[in-house]
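Beneath this line is the structure, given in structure tokens, with notes to follow.
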Amino acid sequence: LVFTEEDKYGLYSNLLFKYFLAEGIVCGHDLFVASAKEHPDNILKELPAPLLDDTHGKELSDEAAAKSEDFQDSMKIAWRYQNLPKMEASPTTYTKFGHYYDVSKKMSPELCQSVKWHSFYLHEELSFEPKMKAWNMNSGYARLLQSIQRIISQEGFDGSDAQKKQRNVLRIGIQSLGSVLWGDDVCCSETPEDPHSLTKFLYVLRGLLRKSLSACIITVPAHLIQNKAIMERVTNLSDMVVGLESFIGSERETNPLYKDYHGLVHVHQIPRLNSLICDVSDTKDLAFRLKRKLFTIERLHLPPDLSDTVSRASKQDLAGSAKLLSSGCGAVAIGKKHLDF
Amino acid sequence: QGKFTLLRDSRTDGSFLVHHFLSFYLRAGCKVCFVALLQSFSHYNIVAQKLGVSLVAAKERGQLVFLEGLKSCLDLLFGKEEQPGQPSPLQFLRGSSCELRALFDFVRVSLTPAQGDSWKGPVLLVDDLGVLLSLGAAPVAVLDFIHYCRVSVCCQLQGNVVVLVHSHEDSEDEENELVVNSLCHHSDLILWAEGLATGFCKDVHGQIKIIKRLSLRQAAQQDLVQIYQYKIQDRNVTFFARGLSPAVL
């Protein structure tokens with residue numbers, strides 16, 4: 001269960017959402033798209049087109065070759081750093097895991113139609129059935145859960161149909177959960193009418209995901225949720241929690257430190273399934289940028305601290321963001337302390 | 001015997017402690033009732049196999065009673081009408097009562113020794129208690145449930161209870177903090193896993209505080225606190241004194 005905290009204007013989280021669905025289509029998985037904001041048909045029309053293997057792989061390796069030539073010169077001042085492995089911002093070798101997409105092009109309708117997909121548009125659904133009254137949950141959420149459960153059992157994703165030889169994966173995408181459009185006021189007030197609806201929904205969804213071959217991404221306008229207790233509980237109930245913070249409209253947009261990037265990626269939690277340990281990467285500082293064709297997530301690279309004004313204005317800010325960036329599945333710097341050099 | 005152990009984590013994942021206690025008590029020959037609210041049975045089974053215990057076999061020979069919360073919840077909401085004699089343990093999800101009586105009855109029935117049982121001491125293991133709050137149970141109901149379990153399992157049956165909770169200093173989840181603080185006061189042993197104060201580190205995943213609450217049983221005694229650091233690996237967890245991580249030496 002991948003829980004994504006939306007950025008303020010929803011631009012980038014929408015992109016991530018579409019990537020998830022597009023990957024599903026390319027892999028031949030079935031899709032289930034639910035939304036209260038946009039009709040799922042429209043969402044599916046806007047998926048990015050997959051890149052053909054050859055051209056993109058070649059582009060990446062060209063770039064990498066050019067970069068590595070520069071670093072051959074030996075360092076004179078910072079010679080101690082010469083022995084460290086070169087930091088690679090983005091993967092240079094074209095790995096076979098997953099696919100790449102071209103954001104400037106739309107996926108062809110033929111490719112979209114090649115998989116079976118189901119949609120749930122809240123405003124087109126019938127009002128809830130009487131059996132669900134006893135659920136004590138927001139009716140929009142309850143209808144969505146019923147719909148998902150019906151698809152899972154009808155299409156045999158839970159292994160109930162022994163006849164079916166080929167098992168497939170169901171990719172579920174739920175857009176803007178918790179927003180007012182779903183009938184939940186958790187984004188409007190600090191003491192919502194039914195504070196447990198969202199968490200109950202997630203628990204039941206988690207149960208459905210665990211007992212079937214499915215994966216789910218949910219985007220939530222977390223910046224609107226005022227009751228932080230609910231956010232903490234929601235984090236506990238999800239496998240993976242990622243937050244996107246875009247720089248639009250914040251003071252970081254003009255901050256020269258961040259000029260190459262469009263926002264930060266905060267990984268609040270990573271899944272620890274079927275194992276005592278989890279796969280922890282070396283670095284926790286991630287940022288994203290949207291180029292004309294590509295949306296990339298890279299290690300955050302700060303340019304060298306050259307001028308006085310830059311350091312004075314942003315040292316406090318950096319300390320704050322370093323605190324955020326150092327949190328992960330392991331630990332976080334407690335309080336306002338940060339390491340000074 | 002008759003001890004209440006609280007597993008607590010702050011800003012890190014303390015579930016490795018749950019896996020440890022599960023395999024520890026099963027290997028010791030105790031009868032275990034595991035209320036697993038957050039993960040599926042196969043998750044615990046796979047990890048337990050790495051630790052050398054088979055949950056499937058334990059279930060078959062009646063040593064382990066496993067309540068898979070996720071599955072139970074689905075059965076309750078999507079399943080057919082329940083039989084009158086067997087109410088679902090997660091009964092409180094339906095209807096307006098937020099009492100956890102059905103859950104307690106389930107625990108009591110599972111751990112009451114039956115004819116011909118030769119297990120050593122019953123054990124109740126809960127992972128994790130905060131989920132009950134997320135599902136709409138009131139904090140008082142959760143504390144009542146634990147209280148009833150403690151009386152029944154620790155006092156009457158001379159067994160042990162181990163419960164996992166999450167909490168942290170800046171938490172705004174007041175209900176959760178209330179439950180955790182109350183449980184701390186009544187625990188015999190607290191194992192508190194925390195992330196390192198200096199931030200993330202690859203070789204030391206966190207530190208664990210072991211608090212033996214001797215003051216609970218005897219008035220004049222002081223609590224004993226020990227602190228170790230740990231690193232989690234695929235098949236076990238290594239503990240070492242602070243600052244003495246093998247990566248540093």
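What follows draws every value from the coordinates through simple rules; no lab data is involved. The shown structure was predicted, so the numbers you read here are calculated from the model rather than taken from an experiment. When we count neighbours, we look across all protein chains shown, and the Cβ atoms used for this are built from the backbone with ideal geometry, even at glycine.
What average count of beta carbons from other chains do you get within 10 Å of the Cβ of residues in A:202-211?
6
Across chain B, the mean sequence separation of Cα contacts (distance under 8 Å, 6 or more residues apart), normalised by length, yields a relative contact order of 25 percent.
Taken over segment A:202-246, the convex hull of the Cα atoms encloses 78 Å³ per residue.
Pairs exceeding 18 Å between alpha-carbon atoms, taken from B:Lys50/B:Lys209; B:Lys3/B:Lys212; A:Lys116/A:Lys211; A:Lys211/B:Lys71: B:Lys50/B:Lys209; A:Lys116/A:Lys211.
Extension gain for the segment B:Ser42 to B:Arg242, taken as residue separation times 0.36 nm less the Cα-Cα distance, is 68.6 nm to one decimal.
Working from label points 7 Å from Cα in the Cα-to-Cβ sense, the B:Ala138 to A:Gln113 distance is 5.8 nm. To the nearest 10 degrees, how steep is helix B:69-78 against the longest Cα principal axis of chain B, on a 0 to 90 scale? For helix B:69-78, the angle is close to 30 degrees.
If I fit a long axis through the Cα atoms of helix B:101-111 and take the longest principal axis of the Cα atoms of chain B, what angle between them do I get, 0 to 90°, rounded to 10? Between the helix axis and the principal axis of chain B, the angle is about 80 degrees.
Summary: within chain B, the longest segment free of GluC sites (Glu not before Pro) located in DSSP loops with at most 16 other C-beta atoms within 10 Å is B:1-80.
Remark: spin-label model distance B:Ala114-B:Ser215 equals 4.4 nm, labels positioned 7 Å along the Cα→Cβ axis.
I need A:Met107, A:Met240, A:Met137 ordered by Cβ neighbour count within 10 Å, fewest first.
Ranked by crowding around the Cβ, least crowded first: A:Met240, A:Met107, A:Met137.
Rounded to 0.05, the FRET efficiency of the A:Glu190 and B:His186 pair, given R0 = 30 Å and the Cβ-Cβ distance, is 0.45. Sequence-ordered 3J(HN,Hα) estimates for segment B:184-196 from the Karplus curve with 6.51, -1.76 and 1.60 and θ = phi - 60° stand at 4, 5, 9, 8, 7, 9, 10, 10, 10, 9, 9, x, 6 Hz, glycine and proline given as x.
For segment A:162-247, the list of trypsin sites (Lys or Arg not before Pro) that fall in a loop by DSSP and count at most 13 other C-beta atoms within 10 angstrom reads A:Lys164, A:Lys165, A:Arg167.
Across segment B:171-227, C-alpha contacts under 8 Å between residues 6 or more apart give a mean separation that, scaled by the residue count, equals a relative contact order of 28 percent. Exposure proxy shown here: for B:His20, A:His262, the number of other Cβ atoms within 10 Å sets the order, fewest to most, as B:His20, A:His262. Counting neighbouring Cβ atoms within 10 Å and putting the fewest first, the residues B:Arg213, B:Arg242 line up as B:Arg242, B:Arg213. Other residues within the sphere of radius under 13 Å centred on the Cβ of B:Ser182, judged by their own Cβ, net out at -2 (K and R +1, D and E -1).
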